[in-house]
Amino acid sequence: MKNTNQTLGEFIIENQKSFKYTSGELSRLINSIRLAAKVVNHEVNKAGLVDIVGDYGGKNVQGEDQKKLDVYANETFIQTLINREIVCGIASEENDNYITIQGNNKDHKNKYVVLMDPLDGSSNIDVNVSVGTIFSIYRRVTPVGQPVEMEDFLQPGNQQVAAGYIIYGTSTMLVYTTGHGVNGFTLNPAIGTYYLSHPDMKFPDDGRIYSINEGNYIHFPQGVKDYIKYCQNQRDEDPYTSRYIGSLVSDFHRNMIKGGIYMYPKSSSAEKGKLRLLYECNPIAFIAEQANGKASDGFQRILDIKPTELHERVPFFCGSKKMVEQAESFMKAAHPTQ
Ligand code: P6P
């Protein structure tokens, strides 16, 4: 059993040696995310008290209204990462194009690129429902110079070196992986320190919670309808239950602890689904697989999908391995040519 009084800082140092070919930059990168998360958490926690909630007036690349906290979170993470000379580029849900960072490193030798959704589920902010930050980290492929979109940002999810999320909920947690399992840290806001509260997180192999926006039911592919009906018809001693918060990080986090599946399939109104491959599905899929779970688009492994554009969307089925495999069996039966 790992020491659960360990702080995140101690954990990073202790596990430093498990990071392949890095001399501390990845640790410093995760530390900078830890710091930015504390700053954002402070604002999220008082969102109802100050004039920082509500529409910013801008729209992001998805055409969605930008909430002020969206913009604040985006700027906070970007500035924190820029200041540390570790990252050569950042892509964000809130920015149409990626940002390149030179800093003092005149030949752009910073090793990592970061892709993020700075405040996922932000439509929940003004109704006091938990929201989250999702991040994905890759080593750059091009050796020096400005990062290049195709080589450095559009890498398949199986190339991630780290991924994680912060959930700003009843407590604030940072959950991440560097490819050696998943660990969760809870923030003690009184002293601003994260403690290892959930060591070695694992999905239960099976579960009874399914998370999907059933308001879209009539627009779902037949395979999804068949799976939902399968869940609803299981009236044994341990029936299925529907739980959907409308915040990916919150639904995923609960399902990882209790067992469950999250689905955002394509529909007649969203041909590729809603979730973005690069900074929502890939990082969550990396965490899911590291926790013995599974993530696919209903047919193929999410982490093997070769991205073609920064903000592309994919259908998303993620959670307990047996539940995802069950859902996939309905998808393959109903859509044999896909
Ligand atoms: P819908 C939030 O906007 C988000 O990207 C996820 O966090 C969440 O699970 C999903 O969209 C909710 O979408 O269409 O059900 O409101």
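Using 1/(1 + (r/R0)^6) with R0 = 41 angstrom and r between the beta carbons of residue 308 and residue 42, what's the FRET efficiency to the nearest 0.05?
Details: r = 38 Å, r/R0 = 0.92.
That gives a FRET efficiency of 0.65.
I need the per residue convex hull volume for the range 202-323, using only the alpha carbons, in cubic angstrom as a whole number. Display every interim value, and only then the final one.
On the way: hull volume 11.7 nm³, N = 122.
Given the Cα convex hull of the range 202-323, per-residue volume reads 96 Å³.
How big is D for the chain, in µm² s⁻¹ as a whole number, if Stokes-Einstein is applied with the Kirkwood radius of its Cα pairs at 37 °C and 0.692 mPa s?
Reported coefficient: 162 µm²/s.
By count of other Cβ within 10 Å, fewest leading, how are 201, 331 ordered?
On the way: 201 19, 331 23.
Ascending Cβ contact count within 10 Å gives the list 201, 331.
Taking every pair of alpha-carbon atoms in the range 212-258, what share in percent sits in each 5 Å bin, from 0 to the bin with the longest distance?
The calculated distribution, bin by bin, is 5, 18, 22, 23, 23, 8, 0.
Output ³J(HN,Hα) for the range 207-222: one whole-Hz value per residue in order, computed from phi by the Karplus curve 6.51 cos²θ - 1.76 cosθ + 1.60 with θ = phi - 60°, and x for Gly and Pro.
Going residue by residue, I get x, 10, 10, 10, 10, 7, 7, 5, x, 9, 3, 5, 8, 6, x, 4 Hz, with x marking Gly and Pro.
Evaluate 2.2 N^0.38 Å with N set to the residue count of the range 152-210, then give the Cα radius of gyration divided by it. Each step should come with its number before you reach the end.
Details: Rg = 14.2 Å, N = 59, 2.2 N^0.38 = 10.4 Å.
The reported ratio for this selection is 1.37.
For the range 75-90, what does the Karplus curve 6.51 cos²θ - 1.76 cosθ + 1.60, with θ = phi - 60°, yield as ³J(HN,Hα) per residue in whole Hz, taken in order and with x for Gly and Pro?
Values, residue by residue: 5, 5, 5, 4, 5, 5, 6, 4, 5, 10, 6, 10, 10, 9, x, 9 Hz.
Along its principal axes, what span do the Cα atoms of the range 57-166 show, with the longest given first and each in whole Å?
Taking max minus min along each principal axis of the Cα atoms, the range 57-166 gives 45, 29, 23 Å.
Given 180, 144, 27, which one lies farthest toward the positive end of the charge dipole of the chain, if we put +1 on the Cβ of every Lys and Arg and -1 on the Cβ of every Asp and Glu?
So the residue we want is 180.
Arrange 306, 225, 332 by Cβ neighbour counts within 10 Å, fewest through most, would you? Could you put the intermediate results ahead of the total?
On the way: 306 9, 225 16, 332 13.
By the 10 Å Cβ count, ascending: 306, 332, 225.
Provide the three semi-axes, in whole Å and in decreasing order, of the ellipsoid equivalent to the range 267-336 as defined by the square roots of 5 times the Cα gyration tensor eigenvalues. Please report the intermediate quantities before stating the final value.
Working: eigenvalues 66, 56, 16 Å².
So the three semi-axes of the range 267-336 are 18, 17, 9 Å.
Compute the acute angle (0 to 90°) between the alpha-carbon long axis of helix 321-334 and the principal axis of greatest extent of the alpha-carbon atoms of the chain; round to the nearest 10°.
Helix 321-334 and the main axis of the chain meet at about 60 degrees.
For a footprinting-style exposure proxy, rank 26, 248 by other Cβ within 10 Å, fewest first. The partial results should precede the final answer.
Numbers: 26 22, 248 25.
Going from sparsest to densest Cβ surroundings: 26, 248.
Placing unit charges on C-beta atoms (Lys and Arg positive, Asp and Glu negative, everything else neutral), compute the dipole magnitude of the chain about its Cα centre in debye, rounded to 20. Don't jump to the answer; show the numbers that get you there.
Values: 35 positive and 39 negative charges, 136 e Å.
Computed about the Cα centre, the dipole is about 660 debye.
Pull up all non-local amide H partners of residue 89: gap of 5 or more, or a different chain, and H-to-H distance under 5 Å with H placed in the peptide plane.
101, 114
None of the figures in this text is laboratory data; all of them are computed from the coordinates on show. In this text the structure is predicted, and so the values were computed from the model without any measurement. With ideal geometry, Cβ positions are generated from the backbone for all residues, glycine too; neighbour counts draw on all protein chains shown.
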